[in-house]
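Peer 1: First, the structure itself, so that you have it in front of you.
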Amino acid sequence: MLRDEYVVAALFFFILALILIFLRKKPPLPYKRVRYILTPAERKFFHALQEAVGERYYIFTKVRAADVLLPKDAKDRSRWRSAFNKVACKHFDYVLCDGEFRILLAIELDDRSHDRADRRERDDFVNWACKSAGFELMRIKLQKSYNPKELRALIKRRIGK
């Protein structure tokens, strides 16, 4: 009988030790600083976009989609949270705002990675989300250079200003 109690006690402490090992906090991974917020290709487009819009609009880069698009209110909080999470981890390359900081247009700069199946699926979702919200999204193919006048005309057609 005493032997059984020792086995149970040993098993208890063994399980407790395993739980403590798994629950022990691991040190956080250190971070490294990113030197540039935009890639060289994104910077090139940014400069052409800046020339195209001048001081008329503000340009914001790498804006989280959830800061621009929110799910419509739903009685089911879990459904709303799920929809929110789908946009929370995505971002727009550029967002144009007017002087009142009204969000007018998002711009996605599409490089060759957008030809991959996973990116096409992501792009289809983002396109649908923008359309369902009545929000303008303009996709620009990555190019060696950009004509600011053509960009200005494209933007003017999209936002009508």
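Peer 1: Working only within the stretch 21-53, note down all residues that are in a helix (DSSP H, G or I), closer than 17 Å to ASP110 by Cα and touching a strand residue (DSSP E or B) at 6+ places or on another chain (Cβ under 8 Å).
Peer 2: Just the residues of the stretch 21-53 that are in a helix (DSSP H, G or I), to begin with: 21-23, 40-53.
Next, only the ones that are closer than 17 Å to ASP110 by Cα stay: 40-49.
Across the stretch 21-53, the qualifying residues are ALA41, GLU42, PHE45, PHE46, LEU49.
Peer 1: Do the conditions hold for LEU96, that is, is it of a type in the set (A, V, I, L, M), on the phi < 0 side of the Ramachandran plot, touching an Asp or Glu at 6+ places or on another chain (Cβ under 7 Å) and not in a helix (DSSP H, G or I)?
Peer 2: No, not satisfied.
Peer 1: Still on this structure, please answer the following. What is the residue count in the stretch 115-149 for residues that are free of Cβ contacts under 8 Å to residues at least 24 places away in the same chain and assigned to a helix (DSSP H, G or I)?
Peer 2: 12
Peer 1: Going residue by residue through the stretch 63-75, is there one that turns out to be of a type in the set (D, E, K, R), touching a strand residue (DSSP E or B) at 6+ places or on another chain (Cβ under 9 Å), surrounded by 10 or more Cβ atoms within 10 Å (Cβ to Cβ) and within 18 Å of CYS97 (Cβ to Cβ)?
Peer 2: Yes, there is a match, as at least one residue in the stretch 63-75 is of a type in the set (D, E, K, R), touching a strand residue (DSSP E or B) at 6+ places or on another chain (Cβ under 9 Å), surrounded by 10 or more Cβ atoms within 10 Å (Cβ to Cβ) and within 18 Å of CYS97 (Cβ to Cβ).
Peer 1: Continuing with the same structure: Looking at the stretch 1-18, is at least one residue modelled with pLDDT under 95, over 30 Å from ASP124 (Cβ atoms), among the hydroxyl-bearing types (Ser, Thr, Tyr) and surrounded by fewer than 16 Cβ atoms within 10 Å (Cβ to Cβ)?
Peer 2: So far as the stretch 1-18 goes, yes, one or more of its residues are modelled with pLDDT under 95, over 30 Å from ASP124 (Cβ atoms), among the hydroxyl-bearing types (Ser, Thr, Tyr) and surrounded by fewer than 16 Cβ atoms within 10 Å (Cβ to Cβ).
Peer 1: Oh, and also: Out of ALA83, ALA48, ALA117, which single residue is at pLDDT below 95 and surrounded by 12 or more Cβ atoms within 10 Å (Cβ to Cβ)?
Peer 2: Answer to the check: ALA83.
The values are calculated or read from the model by the stated rules, or taken from the named source; none is laboratory data. In this text the structure is predicted, and so the values were computed from the model without any measurement. All Cβ positions, glycine included, derive from the backbone under ideal geometry; neighbour counts span all protein chains shown.
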